[in-house]
There are 2 protein chains.
Amino acid sequence: MVRIRRAKAKSQEKESEVNTIKSQQILQGAIQVFLAHGYAGASMDKVAVAAGVSKATVYSHFQDKEGLFKALVQKMTQQRFKSVFGDQPLKGEPKIVLSKLLSAGLEKMTEDSEYLAFKRMVIGESGRFPELAQACVIYMIKPVFEAISQYLTSHPELNLPDPEATSRIIMGALVHYVMVQEMLHGSDILPMEKERLINGLIDLILK
Amino acid sequence: MVRIRRAKAKSQEKESEVNTIKSQQILQGAIQVFLAHGYAGASMDKVAVAAGVSKATVYSHFQDKEGLFKALVQKMTQQRFKSVFGDQPLKGEPKIVLSKLLSAGLEKMTEDSEYLAFKRMVIGESGRFPELAQACVIYMIKPVFEAISQYLTSHPELNLPDPEATSRIIMGALVHYVMVQEMLHGSDILPMEKERLINGLIDLILK
DNA sequence: GTCTATATGGCGATAGAC
DNA sequence: GTCTATCGCCATATAGAC
């Protein structure tokens with residue numbers, strides 16, 4: 001896993017070519033393979049086939065397997081945030097805004113199987129690739145946390161003693177629900193309608 | 001990954017020998033290796049070395065790599081539940097009981113690095129081993145959910161319209177907190193004291 | 001730049017000695 | 001039952017032709 005590099009290795013890619021069509025084509029193939037098999041289970045042969053190029057071409061665009069993996073994760077983390085949260089500024093009456101926001105978020109997370117596979121992989125590899133896990137926190141989790149916190153803080157009529165803690169609770173409830181129902185395949189074992197979770201949350205907040 | 005078995009393969013182990021000292025010794029070595037490297041990254045050679053036996057001995061106790069992995073996960077899921085939840089029947093004044101329960105649970109989860117590694121692995125492999133993920137739901141998540149639900153339900157003075165949803169919210173807040181701070185190494189990026197989360201939760205519930 | 005072909009090594013699994 | 005030795009395969013990574 002950890003490997004010696006020539007001194008002064010240039011971050012992880014060949015820099016000048018990161019955004020060529022071929023590079024994107026390879027990354028696209030790599031996404032399929034890594035999401036399906038995980039880091040260790042993904043082979044550079046499969047990536048090459050999925051991308052429609054030869055294995056040597058993969059190595060000419062990315063330094064090695066680890067570099068390809070890191071480029072892949074960084075790319076996905078950044079392109080994910082846009083879709084999870086619309087660019088809505090979060091304004092309006094709390095009960096309605098929260099209700100819409102939470103159900104939209106839940107729907108997005110449960111429907112999007114690529115998102116599920118991505119989260120699985122990042123969590124699974126978070127012990128061996130801590131920087132990638134942190135990138136996920138910075139680019140996906142933190143922005144959502146800050147948006148919700150800001151909204152809650154700007155509504156003092158909610159009487160929340162700690163809006164940031166509340167924001168964490170909201171995110172936790174949603175993400176954990178998706179984790180149990182979808183990622184861990186628990187929907188038959190511990191069934192619960194999405195609406196119950198959302199209403200339960202809103203009740204607690206507005207009560 | 002999926003492999004053909006002789007017809008009538010006996011579940012996954014050699015049954016009569018599951019609880020021999022050698023089997024436990026092998027499982028102990030396997031735990032170290034699988035938790036450190038994940039399923040695909042773990043090799044039977046490493047397991048044999050970690051267990052202090054030869055590779056052939058590993059194969060004489062477990063049918064193959066997949067069988068060993070499944071035995072390992074089942075063993076860990078079951079031995080975990082005891083420790084996460086003391087056998088306390090959850091009685092007493094809500095504010096105190098909840099406060100103690102939540103902080104004890106958080107402490108256990110954040111401190112126990114083996115628990116973190118185990119969750120990482122189960123989630124990471126949940127796409128390729130759905131039955132193992134479900135075992136985790138049945139033996140670890142469901143009992144906790146039911147204990148909390150039962151406690152909340154038995155305290156109608158809390159005025160909770162949906163104690164089961166509330167139970168989910170509590171678990172979600174705690175588990176997600178641990179996931180962000182510890183598993184994803186986010187404690188420097190999104191810092192928050194445990195007490196703030198717990199107090200935030202209790203405020204919402206008792207409010 | 002991209003290919004085919006290959007080197008080098010580790011992997012899962014088993015045979016056969018004891 | 002447990003070991004050592006080995007088989008056959010697939011992995012990462014690169015050399016060299018075009």
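The values are calculated or read from the model by the stated rules, or taken from the named source; none is laboratory data. Nothing here was measured: the structure is a model prediction, and the numbers come from that model. Methodologically, a virtual Cβ is constructed for each residue, glycine included, from the backbone with ideal geometry; neighbour enumeration extends over all protein chains shown.
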Tell me, yes or no, whether segment B:167-187 has at least one residue that is within 25 Å of B:Gly41 (Cβ to Cβ), among the charged types (D, E, K, R), touching a Gly at 6+ places or on another chain (Cβ under 6 Å) and at pLDDT 95 or above.
no
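On the basis of being within 14 Å of DNA strand D (Cβ to nearest atom), buried (at least 17 other Cβ atoms within 10 Å of the Cβ), assigned to a helix (DSSP H, G or I) and at negative phi, does B:Ala56 make the cut?
Details: within 14 Å of DNA strand D (Cβ to nearest atom): yes; buried (at least 17 other Cβ atoms within 10 Å of the Cβ): no; assigned to a helix (DSSP H, G or I): yes; at negative phi: yes.
No.
Here is a yes/no grid of residues against (1) at pLDDT below 95; (2) not charged (D, E, K, R):
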position	(1), (2)
B:Lys75	yes, no
B:Val97	yes, yes
B:Leu106	no, yes
B:Thr110	no, yes
B:Arg128	no, no
B:Cys136	no, yes
B:Lys142	no, no
Kindly evaluate B:Lys100 against the criterion of being away from DNA strand D (no atom under 16 Å from the Cβ), basic (Lys, Arg) and away from chain A (no Cβ under 11 Å). yes
Surrounded by fewer than 20 Cβ atoms within 10 Å (Cβ to Cβ), touching a residue at least 24 places away in the same chain (Cβ under 8 Å) and more than 24 Å from B:Glu93 (Cα to Cα): is that true of B:Tyr177 in this structure? no
If you go through A:Lys70, A:Lys65, A:Lys46, A:Lys75, the only one that is charged (D, E, K, R), within 14 Å of another protein chain (Cβ to nearest Cβ) and either touching a residue at least 40 places away in the same chain (Cβ under 8 Å) or under 25 Å from A:Cys136 (Cα atoms) (or both) is A:Lys65
Exercise. Taking the stated definitions as given, is B:Tyr59 more than 8 Å from DNA strand C (Cβ to nearest atom) and either closer than 22 Å to A:Gly41 by Cβ or of a type outside the set (A, V, I, L, M) (or both)?
Worked result: no
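For segment B:31-48: of the residues being out of contact with any helix residue (DSSP H, G or I) (no Cβ under 7 Å at 6 or more places or on another chain) and near DNA strand C (Cβ under 10 Å from one of its atoms), which is nearest to B:Arg128 (Cα to Cα)? So that I can check it myself, show each step before the final result.
So in segment B:31-48, the residues out of contact with any helix residue (DSSP H, G or I) (no Cβ under 7 Å at 6 or more places or on another chain) come out as B:36-37, B:43.
Next, only the ones that are near DNA strand C (Cβ under 10 Å from one of its atoms) stay: B:37, B:43.
Working: B:His37: 16, B:Ser43: 17 Å.
Among those residues, the one meeting the criterion is B:His37.
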All conditions in (1) without any contact (Cβ under 8 Å) to a residue 40 or more places away in the chain; (2) more than 16 Å from DNA strand D (Cβ to nearest atom); (3) not polar (S, T, N, Q) are true of B:Phe81 except (1)
